[in-house]
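Working notes, beginning with the structure itself.
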Amino acid sequence: MIRVAAPLALLLALSACGLRPLYGGPNSAARATLASVQVSPIEGQAGWLVGTAIKDRLAAVDGSAARYRLDVRLDDRITGLGVRRDDSVSRERRTLRARYQLVDLASNMTVLDATAGSDAGIDVVGSEYATIAAEQTALERLSGIVADQIVSRLALYGQRSAPPSAPTTP
């Protein structure tokens, strides 16, 4: 009896905690905000990868007229970490940082100014081709991670900036 009652009590407590999904339903404020964002072109290969990843994530939301413009500036660096006895690098770190601004097109005011970023470790091996391929793979992976961070933050902004909904009466 206790084995059945304990999980049921936990489920009841969880339902009363006030958590709700960020993208909750077709008419949520987060979805509406994401649907109204246009992405400005971003410089370089990393910019193309991040911009495409952001657009792919925003395309999952049905598009409407643009209300916001997303401006993104990237900082992509590769730094040598490990050094062998012959002074060659044995390990690298690729860091991708983005500073992004969400601009309201009606007022031309920045409504969100934030940063996102991630890094990845790369082993430097004897083959230059393999090292370049590893650096490229790391950039592709980091672009997706940074795009996820940006889109999540935009959705959170959309939910928090929406006017509170009026309670419904039965």
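Here the simple spin-label model places points 7 Å from the Cα toward Cβ, and for S152 and D75 these points are separated by 2.1 nm. A simple count of charges around R84, restricted to other residues whose Cβ falls under 15 Å of its Cβ and scoring Lys, Arg +1 and Asp, Glu -1, yields -2. With K and R counted +1 and D and E -1, the other residues having a Cβ less than 12 Å from that of E43 yield a net charge of -2.
For Q38, the residues whose modelled amide H falls within less than 5 Å of its own, excluding neighbours fewer than 5 places apart on the same chain, are R67, Y68, R69, L70. Restricting attention to the range 25-159, close to 90% of DSSP beta bridges with both partner residues there are antiparallel. Subtracting the Cα-Cα distance of L105 and D119 from their residue separation scaled by 0.36 nm leaves 1.8 nm. Using only side-chain charges placed at the Cβ, +1 for Lys and Arg and -1 for Asp and Glu, the dipole size of the range 25-159 relative to its Cα centre rounds to 340 debye. Its alpha carbons considered, the range 25-159 gives a radius of gyration followed by a Dmax of 17.7, 61 Å. Positive end of the dipole of the range 25-159 (Cβ unit charges, origin at the Cα centre): among Q101, V151, A30, the Cα lying farthest that way belongs to A30. Averaged over residues, the count of other Cβ atoms within 10 Å places the peptides 128-139, 75-86 in the sequence 128-139, 75-86, highest first. The amide H of R91, built 1.01 Å from its N in the peptide plane, has L81, G82, V124 as neighbours under 5 Å, considering only residues 5 or more places off or on other chains.
Since every read-out is calculated from the coordinates, none of them should be taken as a lab result. Computed from a prediction, not measured in an experiment: that's the story for all the values here. Cβ: placed from backbone, ideal geometry, glycine included. Neighbour counts: every protein chain shown.
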